[in-house]
């Protein structure tokens with residue numbers, strides 16, 4: 001009986017690991033699918049919605065490094081497509097456009113030479 005218990009315990013542990021990995025993969029795929037929504041930001045990496053490009057990540061969690069910010073996520077938001085609502089249209093100097101959330105739009109305006117930002121008026125579409 002003792003001889004059977006050890007392999008059964010290992011199999012149970014392995015199965016729990018596999019179930020956890022499948023659940024994490026399903027959550028990631030759901031976020032990727034949601035990120036293709038045309039009303040969301042086009043940027044393929046996450047951002048702190050309050051502080052911009054301040055994220056750090058480790059394994060399956062991310063956090064904002066801005067002083068006093070308590071934003072944390074239980075997934076790797078830094079390496080996952082942004083799911084914040086589109087708030088602006090950015091156009092680079094070559095005429096390429098994209099929908100950006102307010103945090104990515106602010107970052108693009110500061111970092112991209114020749115980038116223009118046109119903020120959307122969501123109130124007009126909600127009335």
Förster-model FRET efficiency, 30 Å R0, residue 57 and residue 11, C-beta, rounded to 0.05: 0.40
Förster radius 22 Å - calculated FRET efficiency between residue 69 and residue 24 (Cβ-Cβ, nearest 0.05): 0.35
The chain: equivalent-ellipsoid semi-axes (sqrt of 5 x gyration tensor eigenvalues, Cα, Å): 41, 16, 13
Footprinting exposure proxy for 104, 51, 13 (fewest neighbouring C-beta atoms within 10 Å first): 13, 51, 104
Neighbour-count ranking [beta-carbon atoms within 10 angstrom, fewest first] of 27, 84: 27, 84
Helix-only mean residue ellipticity at 222 nm for the chain, each DSSP H run of n ≥ 4 adding -39500 (n - 2.57), per residue, nearest 500: -13000 deg cm²/dmol
Residues 69, 41, sorted so that the one with the fewest Cβ neighbours within 10 Å comes first: 69, 41
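Read-outs: derived from the displayed coordinates by stated rules, not from any lab. The shown structure was predicted, so the numbers you read here are calculated from the model rather than taken from an experiment. Positions of Cβ are generated from backbone atoms using ideal geometry, with glycine treated the same way; all protein chains shown enter the neighbour counts.
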